[in-house]
Amino acid sequence: MTGRRFTGDTLVIASHNKGKVREIALLLSAYVAHFPSAGDLGLPEPEETEASFIGNAALKARAAASGAKLPALADDSGLVVPALGGAPGIYSARWAGPNKDFSLAIDRVQQELGKGDRAAHFICALALAWPDGYAETVEGRVDGRLVFPGRGERGFGYDPIFIPNGHDITFAEMDPNDKHRMSHRADAFAQLVQRCFG
């Protein structure tokens, strides 16, 4: 299924998270030359008021595209723990507090889960928006289980506590290239590339 094609050489990444900006630039470097971030351009972070990953990704992408007058890509991703009723879900970043301290978020997941079922999955919704407000959206997913305490120094966010199915090491212990091949973000990007870049 093809959507609107991206034809420029500059794509704004609608994020102030340097780890996320790096990862996205790496995934699309074959198709795009320049990746200014919303942070680089001094664009404000819009309040995420939608009730879904796709809704929040589209909201962020449209805000950045409108502000920069360039196509913009946003992702909204998070950890979904069925035993916690789907939490932290779209609130994954908010669980880390104003300073984005994910050790706090990880502690909270462990505390609330207790001896509950450790099954979990990551979701990544991507929205590619143009200044006219049009947006293409896709959603990727990777399933796995949680482990406490966290392990590994690579990755970011909840990566130290997530072991993808079929593996025995966490995303934070994995070679980044291996993670990129199987992550929720890789799944979403494969769909987006096929639709808008391929």
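Each value in this text was obtained by applying a stated rule to the coordinates, not by laboratory testing. This structure is a prediction, so every number in the text was calculated from the model and none was measured. All Cβ positions, even for glycine, are placed from backbone atoms using ideal geometry, and neighbour counts span all protein chains on display.
Things worth noting here:
- Overall size of the chain from C-alpha positions, given as principal axis extents largest first: 49, 31, 28 Å.
- Largest to smallest principal axis extent of the C-alpha atoms in segment 55-157, angstrom: 49, 26, 23
- Computed [θ] at 222 nm, deg cm²/dmol, the chain (DSSP H ≥ 4; -39,500 (n - 2.57); rounded to nearest 500): -8500 deg cm²/dmol
- Crossing angle, helix 102-113 versus the chain [Cα axis fit, 0-90 degrees, rounded to tens]: 50 degrees
- In degrees, nearest ten, helix 18-28 long axis to first principal axis of the chain (Cα): 60 degrees
- For the chain, the relative contact order comes to 21 percent (Cα pairs under 8 Å, sequence separation of at least 6).
- Scaling the Cα radius of gyration of segment 1-116 by the globular reference 2.2 N^0.38 Å produces a ratio of 1.19.
- Cα lying deepest toward the dipole's positive end in the chain, options 198, 41, 10, charges on Cβ: 198
- Most mobile of 12, 142, 32 in a GNM of the chain (Cα contacts under 10 Å): 32
- Order of 168, 187 - criterion: other Cβ atoms within 10 Å of each residue's Cβ, fewest first: 168, 187
- Links that overshoot a 18 Å alpha carbon limit, given the list 20/100; 18/60; 18/69; 20/60: 18/69
- Among 112, 48, 23: highest mean-square fluctuation, GNM of the chain, C-alpha pairs under 10 Å: 112
- Based on every Cα atom in segment 118-163, Rg and the maximum pairwise Cα distance Dmax equal 15.0, 46 Å.
- Of the residues 58, 83, 120, the one that moves most in a GNM of the chain with alpha-carbon contacts below 10 Å is 83.
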